[in-house]
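Asks: Okay, handing you the structure first.
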Amino acid sequence: MAMNLTRRTFLKAASIAAASVPLANVRAKAESGLVKAPLVAPGSFKNTQTVVGGVCEMCFWRCQLVGKIRDGRLLKLEGNPKSIDNGVSICARGNAGVKLLYDPDRLKYPLKNVGKRGAPKWQRISWEEALDTCASKLKAVIDQYGIKGISMFPHGSTSTYPMDFFEKTVGTPNISEASFAQCRGARDTGYLATIDYPPSEEYADMPNSKVILLIGSHFGENIHVSHTKQYLKGLENGAKLIVVDPRYSASAAKSHIWVQIRPGTDTAWLLAIMNYLIQNKKYNIEFVKEHGEGLGKMAEGIKQWTLEKAAQECDVPAAQIKEVADLLAANMPHVAIHTGRHSSWYGNDFQRARSMACLTGLLGAFGVKGGFVPPANPGGLGDYSWPKSGHHDKTLQELAGLYHFAPPGTPPDLLRETAITGKPYPIKGCIIWGQNPIQTIPNQEKTIKTLEQMDFVMCVDVMPTDITMFADILLPDCSYLERYDLIRTGTQWNLAEEHRQFIAPRMPLVAPGFERKDSVYITNELAKRMGYGDKIPIQTQEEGINKMLAGVQLSIEKIKAEDGIHIQPGKDPYGDMELTIEFYNEELEEHGYPGIPTYIPVEHPPEGYYRLLYGRSSVHTFNRTQNNAWLMAENNINPVWLNDKQAAKLGLKEGDTVALINQDNVKSRTTTTVKVTPGIRQDCVYIYHGFGSRNPELTVGHDRGIDDQSLITKLAVDPESGSYGMRNNFVKLVKVG
Ligand SMILES: Nc1nc2c(c(=O)[nH]1)N[C@H]1C(S)=C(S)[C@@H](COP(=O)(O)OP(=O)(O)OC[C@H]3O[C@@H](n4cnc5c(=O)[nH]c(N)nc54)[C@H](O)[C@@H]3O)O[C@H]1N2
Ligand SMILES: Nc1nc2c(c(=O)[nH]1)N[C@H]1C(S)=C(S)[C@@H](COP(=O)(O)OP(=O)(O)OC[C@H]3O[C@@H](n4cnc5c(=O)[nH]c(N)nc54)[C@H](O)[C@@H]3O)O[C@H]1N2
Ligand code: SF4
Ligand SMILES: [Mo]
């Protein structure tokens, strides 16, 4: 994803609109919410005002938007025509931001839970009372247990400012972000240990590739607009597409070679390709001579990985592995080995990421057209931050002496383990800000136990979701359409075409509704009440943005006059990246890990069970879009993909209703339908992640489909990175009705 230049957020003072819609709604309304929206009649957007400066956050790619507004109400979102990133295009989710903004179920006022955690009864309270309560409860935890008694689960741009406060000024070490252990942790760690350069999916120069290799990435279902454009441009320009996926994904459907691999065995496949290239001297000998270290050791260590051995392990033809290797060799160095993003699959994922980095090195594909090319994004933005306090304890990861190759952080399972056992210290206060740990972290029972033992839980969200049910105090945030926020920077989506850069701060398209406040306001008010008032770095989000823009002689006013996006000349992104590719890494070995990329086999499903795989729906983002009426009208269930031969064996037909039961006898709370298809292997099933919400306040999304996370009770931890393998759970299908 495009890099934030900073992790700060900014504030727009809230204006308040009054109205009231009851929290609980009837099912009938939910059903009507699923009716497809009528097509907009031509001329419907006449007499609208176009407001610039919107930046989407229906997912984290942050496409640049304009809004069509009439009488203060947002009618439609479009891509900002000035954008050199997404252009006028936005995806279905981006479009449906209107429905999030005006969702009648949205949080409107501060709420106090007068029921139980997990079975809340909400009472509306004033901001004064809410902030006083949060501050005094957090202080009470600190007084009794010390700063280490506080924990935080943040995600997204809204959480950057409060995270900075709790991490630096308050000084708690227990901060668990959603996007590391459950997302890109293994990838980042694997590449860092190989090339000492942080990877990003953004670096695949696909428009200029001769071959694109996708390992698991499922473009067309996984959607980031400018990235999808790059991928399609590559195909249009004649790139050959190789897709490795046990399932006939949207990308597999466009591929020249589809490798229907046995789940969990990708590293063996990669090792066989590298072994073949080395043995047959088909790699980029010159590049490796200049940039490689330890090739001899790796070559020796992986020579067992013949095409035949990998074919057996991965359950694909040996001839196909050779075909792929030859295609890569014939087109090197203009080959994009896509890094992927969500890489926490099996607990052996660091090794897969490391193998991918090594293969990119063998082909000499760093810094060259069509390869791994970091775009030259603009620099020079100003900065500000919360000051550091004296409290800086080691993180739980450091204390445990685990995951040596991961950056310091707190994998959530260490946090849960510590909270539940009280060892090495109690954790009794919890702040959840833009994350849904119930659906995001495997083993829900453990997450619930963690929350139950807290003295105080506060949650800042936009919607009532599965996690908000566990809050004592629940605060309504401004949505991304109602606030100033992080600055999106980036480079022209088609690198080779033109070298241009852009700077686009998020600006509100409408004023905040009801009593919603943004994260700078909420954080500052907490800070004042907790005794840190003198440390506050900015009073409002605008102030913060202007401080950053001042670094590049810009301001909000100037950017508004430039239609919401500042564009400037960029730099040629190609050239020697001056990397060293460590095919053998001594440091890894010193810490007890394999020094060369190594395949670690995973457990196979027991008789009668299928491996549970999951991925993206093209019209949803995780769980956060589950109540969106437009998106649910497109896709309101996550049918379980089942191989046709297996369906026949089980006597299941397309459309049958089933529940899933996993290896630990956990049964899905809800049911879903069966999708019978030859497009999935016989040993696994597949569902979209994010469905099956348990919160009845979601009148559209409640109980739709199955929550994959509820069935992921077994956690495999990747030893080098500490990220979580979540595809090691097995399920049975049980016909219902
Ligand atoms: N529409 C939409 N787009 C999104 C998001 C969203 O929520 N919705 N989320 C965004 C985020 S944060 C992320 S991290 C990315 C995630 O998107 P990706 O990084 O593309 O996600 P993955 O989980 O790697 O990919 C899921 C695919 O992996 C396949 N798969 C399962 N097991 C294996 C295996 O053992 N080997 C191989 N080779 N493939 C396997 C599945 O069949 C599925 O097709 O998507 C981003 N884009
Ligand atoms: N089983 C399984 N687990 C997964 C994944 C998977 O594919 N399968 N994917 C993993 C990946 S790649 C990722 S990145 C994570 C994502 O994990 P999360 O970010 O936790 O996922 P979301 O469902 O988007 O939940 C975010 C929460 O933020 C709230 N929110 C949305 N917008 C705002 C806002 O503007 N302000 C505030 N305060 N709150 C807001 C939403 O209502 C929701 O409660 O999940 C990971 N976990
Ligand atoms: S890819 Fe779609 S949801 Fe994500 S930021 Fe862009 S328009 Fe929004
Ligand atoms: Mo992610």
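Asks: Take S159 and decide whether it is crowded, with 24+ Cβ neighbours inside 10 Å, outside any helix (DSSP H, G or I) and of a type outside the set (A, V, I, L, M).
Replies: Working: crowded, with 24+ Cβ neighbours inside 10 Å: yes; outside any helix (DSSP H, G or I): no; of a type outside the set (A, V, I, L, M): yes.
Judged against the criteria, S159 is not a match.
Asks: Another question about this same structure. Can D143 be described as over 19 Å from L486 (Cβ atoms), surrounded by 24 or more Cβ atoms within 10 Å (Cβ to Cβ) and either of a type outside the set (S, T, Y) or more than 16 Å from ligand 1 (Cβ to nearest atom) (or both)? Outline the logic, then answer.
Replies: Numbers: over 19 Å from L486 (Cβ atoms): yes; surrounded by 24 or more Cβ atoms within 10 Å (Cβ to Cβ): no; either of a type outside the set (S, T, Y) or more than 16 Å from ligand 1 (Cβ to nearest atom) (or both): yes.
For D143, the condition - over 19 Å from L486 (Cβ atoms), surrounded by 24 or more Cβ atoms within 10 Å (Cβ to Cβ) and either of a type outside the set (S, T, Y) or more than 16 Å from ligand 1 (Cβ to nearest atom) (or both) - is not met.
Asks: Please work out which one of (1) more than 30 Å from V316 (Cβ to Cβ); (2) assigned to a strand (DSSP E or B) is the condition R624 fails and give its number.
Replies: Against the list (1) more than 30 Å from V316 (Cβ to Cβ); (2) assigned to a strand (DSSP E or B), R624 comes up short only on (2).
Asks: Cβ-Cβ below 7 Å, separation at least six or inter-chain, first residue in the stretch 393-404 and assigned by TED's automatic domain parsing to the domain that holds S151 and acidic (D, E), second at pLDDT below 95 and loosely packed, with under 15 Cβ neighbours inside 10 Å: which pairs?
Replies: Qualifying pairs under 7 Å: E398/P408.
Asks: Continuing with the same structure: Could you list all residues from the stretch 174-194 that are within 12 Å of ligand 4 (Cβ to nearest atom) and among the aromatic types (F, W, Y)?
Replies: Correct list: F180 only.
Asks: Tell me, yes or no, whether the stretch 504-517 has at least one residue that is surrounded by fewer than 20 Cβ atoms within 10 Å (Cβ to Cβ), part of a loop (DSSP other than H, G, I, E, B), among the small types (G, A, S) and over 25 Å from the mean Cα position of the chain (by Cα).
Replies: Yes.
Asks: With respect to the numbered conditions (1) more than 30 Å from D71 (Cβ to Cβ); (2) in contact (Cβ under 8 Å) with a residue 60 or more places away in the chain; (3) not basic (K, R), which one is the sole condition not fulfilled by C459?
Replies: (2)
Asks: Could you tell me whether the stretch 456-470 includes any residue that is surrounded by fewer than 20 Cβ atoms within 10 Å (Cβ to Cβ) and charged (D, E, K, R)?
Replies: Looking only at the stretch 456-470, we keep the residues that are surrounded by fewer than 20 Cβ atoms within 10 Å (Cβ to Cβ), and these are none.
Checked the stretch 456-470: no residue is surrounded by fewer than 20 Cβ atoms within 10 Å (Cβ to Cβ) and charged (D, E, K, R).
Asks: Among Y425, Y384, which is away from ligand 3 (no atom under 16 Å from the Cβ) and under 30 Å from T491 (Cα atoms)?
Replies: Values: Y425 fails: under 30 Å from T491 (Cα atoms).
Result of the check over Y425, Y384: Y384.
Asks: Where in the stretch 285-376 are there helices (runs of 4 or more DSSP H), lying wholly inside it, with at least 2 residues that are within 16 Å of ligand 4 (Cβ to nearest atom) and crowded, with 22+ Cβ neighbours inside 10 Å? So that I can check it myself, show each step before the final result.
Replies: Values: elements: 285-291, 295-302, 307-314, 318-331, 349-362.
Result: 349-362.
Asks: Quick check on my filter: what residues within the stretch 219-242 are farther than 19 Å from Q64 by Cβ, within 16 Å of ligand 2 (Cβ to nearest atom) and crowded, with 21+ Cβ neighbours inside 10 Å?
Replies: F219, N222
Asks: Follow-up. Applying the selection to the stretch 185-203, what residues are buried (at least 24 other Cβ atoms within 10 Å of the Cβ) and within 16 Å of ligand 3 (Cβ to nearest atom)?
Replies: Scanning the stretch 185-203 gives no hits.
Asks: Among the charged types (D, E, K, R), buried (at least 23 other Cβ atoms within 10 Å of the Cβ) and part of a helix (DSSP H, G or I) - does that describe any residue in the stretch 393-404?
Replies: Of all residues in the stretch 393-404, those among the charged types (D, E, K, R) come to 393-394, 398.
Remaining after also requiring buried (at least 23 other Cβ atoms within 10 Å of the Cβ): none.
Scanning the stretch 393-404 turns up no residue that is among the charged types (D, E, K, R), buried (at least 23 other Cβ atoms within 10 Å of the Cβ) and part of a helix (DSSP H, G or I).
Asks: List every residue pair whose Cβ atoms sit under 9 Å apart, with the two residues 6 or more apart in sequence or on different chains, where the first one lies in the stretch 48-73 and is β-branched (V, I, T) and the second, anywhere, is within 16 Å of ligand 4 (Cβ to nearest atom).
Replies: V55/R62; V55/S157
Asks: A further question follows. For the condition assigned to a helix (DSSP H, G or I) and either within 15 Å of the chain's Cα centre (by Cα) or polar (S, T, N, Q) (or both), what is the one hit in E202, E167? Outline the logic, then answer.
Replies: On the way: E167 fails: either within 15 Å of the chain's Cα centre (by Cα) or polar (S, T, N, Q) (or both).
Testing whether each residue is assigned to a helix (DSSP H, G or I) and either within 15 Å of the chain's Cα centre (by Cα) or polar (S, T, N, Q) (or both) leaves just E202.
Asks: So, Q439, is that one within 16 Å of ligand 1 (Cβ to nearest atom), over 21 Å from T523 (Cα atoms) and outside the structural domain of I712 (by TED's automatic domain parsing) or not?
Replies: On the way: within 16 Å of ligand 1 (Cβ to nearest atom): yes; over 21 Å from T523 (Cα atoms): yes; outside the structural domain of I712 (by TED's automatic domain parsing): yes.
Judged against the criteria, Q439 is a match.
Conditions tested, residue by residue: (1) within 12 Å of ligand 1 (Cβ to nearest atom); (2) hydroxyl-bearing (S, T, Y); (3) in contact with a helix residue (DSSP H, G or I) (Cβ under 6 Å, 6 or more places away or on another chain).
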{"residue": "T670", "(1), (2), (3)": "no, yes, no"}
{"residue": "I680", "(1), (2), (3)": "yes, no, no"}
{"residue": "G692", "(1), (2), (3)": "no, no, no"}
{"residue": "H702", "(1), (2), (3)": "no, no, no"}
{"residue": "D707", "(1), (2), (3)": "no, no, no"}
{"residue": "K714", "(1), (2), (3)": "no, no, no"}
{"residue": "S723", "(1), (2), (3)": "yes, yes, yes"}
{"residue": "K732", "(1), (2), (3)": "no, no, no"}
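The values are calculated or read from the model by the stated rules, or taken from the named source; none is laboratory data. This structure is a prediction, so every number in the text was calculated from the model and none was measured. Please note: Cβ atoms are built from the backbone with ideal geometry, for glycine as well, and neighbour counts cover all protein chains shown.
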